[in-house]
Amino acid sequence: MGRAYKECPACGKRALSIATRCPGCGHELLAEPVRREETRGTPRIGPLPAIALGLLATVGLVTMVLRWNSVRDPEGSVTAALRAEDTAGVDTALAAAAPAMPDSTPSAEAVSRYARTWTKVHDRRSPKADVVAVILPGDTVLADSLRGGWWRVTLEGRVLGYVYARTLTGK
């Protein structure tokens, strides 16, 4: 006579079909034998991983859009163009020998300032203005008429242009 077995749903051990409790864990067994169905197919993604995947894709798209906009930024293109040029072309010595700006007389209130780092000299008080020269770190210029955070700078008696105030120091 063949014996039939049941599988415990709690621990997975086998017990005789006439048993009312599992011999391993004591769980009450059902009257019918329990059979597990094995699903063979593609595994399903739960809601939490799907949300995380969606957020990750959104962050990736936003990052790509921001990078694309920074490449198209005109200030970035001026910087890239300046790097591409030979720095001797916009050096302070050459800029001092260039034709003077319309308001080329330095003011009597001009003070000595030193460039902290490579400093762009613009033709007007705006970061989007054309770069007319570059002051090298440690170069001394005369600065006057501070307005809107921009100094008008003079080198060797000629006005070069305008420099953002934080790039110059008085010490």
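The values are calculated or read from the model by the stated rules, or taken from the named source; none is laboratory data. Since we're looking at a predicted model, the values are computed, not measured. Methodologically, a virtual Cβ is constructed for each residue, glycine included, from the backbone with ideal geometry; neighbour enumeration extends over all protein chains shown.
Values for this structure:
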{"item": "Cβ-Cβ under 6 Å pairs, at least 6 apart or on other chains, region 110-124 side more than 11 Å from Thr169 (Cβ to Cβ), far side crowded, with 16+ Cβ neighbours inside 10 Å and of a type outside the set (A, V, I, L, M)", "result": "Ala110/Asp144; Val121/Gly161; His122/Gly161; His122/Tyr162; Asp123/Gly161"}
{"item": "Filter result for the condition that a residue is in contact with a strand residue (DSSP E or B) (Cβ under 9 Å, 6 or more places away or on another chain), modelled with pLDDT under 65 and at negative phi, over Ala96, Ala108", "result": "Ala96"}
